[in-house]
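Let me begin by presenting the structure, written as structure tokens, before commenting on it.
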Amino acid sequence: MSNVGLIIEEKAANIGNFLVGRLLPFKQKRHVGPFVFIDHMGPTKLKDYQNLDVGPHPHIGLSTLTYLFEGAIMHRDSLGTELEIKPGAVNWMTAGKGVVHSERTPEYLRTTDKVLHGLQIWIALPKELEHTEPSFVHVESNKLPEWSTDDADFKLIAGEFAGYKSKVPVYSPLYLIEIRAKKDFTFSNTKDLYGESALYILEGEIKDGDTSYGTKQLLVAEDSTLCQFEVKANSVIYIFGGEKLPEEHFIFWNFVSSDKEVIEKAKNDWINHKFPIIPTDKDDYVPLPDPLLNSKLK
């Protein structure tokens, strides 16, 4: 993988009452293909009095992908969806012109000790789909493509790769691949990658020649795709990327759009309570953070 152009160390960020490791965006890299935002949640041990409670908040212009390694999250949204996500499954919510959702510890776990660990990802929509109607799709773990070699177990979480296609209904060419190494091996499927590529090391180590990279590092390719690299035994890595969207996309709080005025309207609509409500979680509201109230994208 001699074309590593950027090495990003996971950095802490606070989402309400929960600390996460933020991977994207980063000052030197705002996106990889259509991927514009990635948070690594945990692993966090929560006591019987501690719970995840991210109240109702809005999104526009993107799809969110939630993928858990441990624990459970109850998802509720303004479409009327109320569904628990568990490890290995995918929650795929497309915000389009606007949606509101909340993420909380399920009721049956709120008074017990528990662990929460997973990824939350934002994928920008193509310009022509930014104002589409919002939607929600849940794909169980056993519905995602999985295959094994002597060296590793593979799962295609989203997109297309190596002749496989995930049931997650993406809107542009992309891939998100999980690789669990059984032993040391060389990843050489580079011809099956396309667009921009990056690699996140959840556990373990990879080697590129004499250089080693370890846990919680994100490696971004300098050109279009990753070169071959050695994966050490028992490592867990995620390769993601895809075709870069032709338009520049902007992020402001929870909003993504190719049009700054659309983001400004969404900001004002949220402040003035013009977004739809969550039928089963309507008595809570995450306000726009004070530092953003009078700020605009430049």
Exercise. Excluding same-chain residues fewer than 8 positions from LYS143, which aspartates and glutamates have a Cα within less than 16 Å of its Cα?
Worked result: ASP153, GLU160, GLU178
Exercise. In whole percent, how big is the carbon plus sulfur part of the accessible area of the chain, probe 1.4 Å, protein atoms only?
Worked result: 48 percent
Exercise. Which value, in debye to the nearest 20, gives the size of the charge dipole of the range 169-298 about its Cα centre, when Lys and Arg are +1 and Asp and Glu are -1 at the Cβ?
Worked result: 160 debye
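So what's the back-of-envelope 222 nm ellipticity for the chain, counting only DSSP H runs of four-plus at -39500 (n - 2.57) apiece and dividing by all residues, rounded to 500? Provide the component values of the computation, followed by the final result.
Working: 1 runs with 12 residues, N = 298.
Computed mean residue ellipticity for the chain: -1000 deg cm²/dmol.
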Seminar exercise, completed: The relative contact order of the chain, taking Cα pairs under 8 Å that sit 6 or more residues apart, comes to a percentage of 21 percent
For this session: Could you work out how far helix 260-271 tilts from the main Cα principal axis of the chain, as a 0 to 90 degree angle to the nearest 10?
Result: 50 degrees
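Hey, which of these cross-link pairs are over 31 Å Cα-Cα: LYS47/LYS296; LYS165/LYS260; LYS45/LYS182?
Details: LYS47/LYS296 39 Å; LYS165/LYS260 34 Å; LYS45/LYS182 27 Å.
Pairs exceeding 31 Å: LYS47/LYS296; LYS165/LYS260.
The values are calculated or read from the model by the stated rules, or taken from the named source; none is laboratory data. Note that the structure is a prediction, hence the values are computed from the model and not measured. Counting neighbours? That spans all protein chains shown, and the Cβs are built from the backbone with ideal geometry, glycine included. Areas reflect the complete protein model, heavy atoms only, side chains present, ligands, DNA and RNA absent. Shrake-Rupley method; radii C 1.70, N 1.55, O 1.52, S 1.80 Å.
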